[in-house]
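Reviewing the structure listed below.
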Amino acid sequence: MKHNIWNENNTILFVGYQAPGTLGRKIVEGAKKIKIFGEEVAVNAKIEYIEGYSGHADQEWLLNFIYSFIYKPKQIILVHGEKGAQEELKDKILENTDIPVTIPKLRRDI
């Protein structure tokens, strides 16, 4: 996110609940600047939010959402959900689209 949220040509899509006090919640609520890894970053990307999806139960809805784009995304980054559900959704996206999917690695030293 640090490398994309500053760019006004990008869209960051939040899917599901963002808990109070989290970075996601701050962004969804309209923060103009955020701190990521101790560095302040401007929020210039378009921020979109969809309520009510879960990575496991609503995979079909998420796939339908991806199919609905007239202009397909260049990349999908899965940052929500448990590892197994993320991998399953990634596999389904790759099976059904030509869109690259990334699951970032969790850094515990931050």
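In degrees between 0 and 90, to the nearest 10, how far off the longest principal axis of the chain does helix 83-96 point, with axes built from Cα atoms?
Its long axis makes an angle of about 60 degrees.
Could you do me a favour and compute the accessible area per residue for the chain, 1.4 Å probe, result in Å²?
Roughly 73 Å² per residue, with all protein chains present.
At 0.36 nm per residue, minus the direct Cα-Cα distance, what do Lys105 and Lys2 gain on full extension? Give it in nm, one decimal, please.
Computed gain between Lys105 and Lys2 is 35.7 nm.
Looking at the range 1-96, send over the antiparallel percent of its DSSP beta bridges, to the nearest 5.
Within the range 1-96, antiparallel bridges account for around 45 percent of the total.
Could you work out the per residue convex hull volume over the alpha carbons of the chain, in cubic angstrom?
113
Out of residues 5 or more away from Phe14 or on other chains, whose amide H comes under 5 Å of its own, with H placed 1.01 Å from N in the peptide plane?
Counting only residues 5 or more places away or on other chains, the set is Glu48, Tyr49, Ile50.
Using +1 on the beta carbon of Lys and Arg, -1 on that of Asp and Glu, and nothing else charged, what's the dipole of the chain about the Cα centre, debye to 20?
Details: 15 positive and 15 negative charges, 104 e Å.
So the magnitude is around 500 debye.
At a Cα cut-off below 12 Å, give the aspartates and glutamates reachable from Lys46, other chains included and same-chain residues fewer than 8 away excluded.
Partners found: Glu8.
Under 5 Å between amide hydrogens, which residues at least 5 positions from Ile77 or on another chain qualify, with H placed 1.01 Å from N in the peptide plane?
Thr102
Can you give the longest stretch of the chain with no exposed loop site, where a site means GluC sites (Glu not before Pro) in a DSSP loop (not H, G, I, E or B) with at most 12 other C-beta atoms within 10 Å?
The longest such stretch corresponds to 52-81.
Ignoring trypsin sites (Lys or Arg not before Pro) that are buried or in helix or strand per DSSP, and keeping those with at most 10 other beta carbon atoms within 10 Å, what is the longest stretch of the chain between them? Walk me through the intermediate numbers first.
On the way: sites that count: Lys32, Lys74, Lys105, Arg107, Arg108.
Of all site-free stretches, the longest is 33-73.
Between Glu60 and Ile36, what FRET efficiency comes out of the Förster formula 1/(1 + (r/R0)^6) with R0 = 25 Å and r the beta carbon distance, rounded to 0.05?
0.20
Run down the aspartates and glutamates and flag those whose C-alpha is under 15 Å from the C-alpha of Lys2, throwing out any fewer than 8 positions away in its chain.
By straight Cα distance, Lys2 reaches Glu39, Glu40.
The values are calculated or read from the model by the stated rules, or taken from the named source; none is laboratory data. This is a predicted model, so every value here is computed, not measured. Don't worry about glycine lacking a Cβ; one is built from the backbone with ideal geometry, like all the others, and counts go over all protein chains shown. Note: accessible area is taken over every heavy atom of the protein model, side chains too, but ligands, DNA and RNA are not part of it. Shrake-Rupley method; radii C 1.70, N 1.55, O 1.52, S 1.80 Å.
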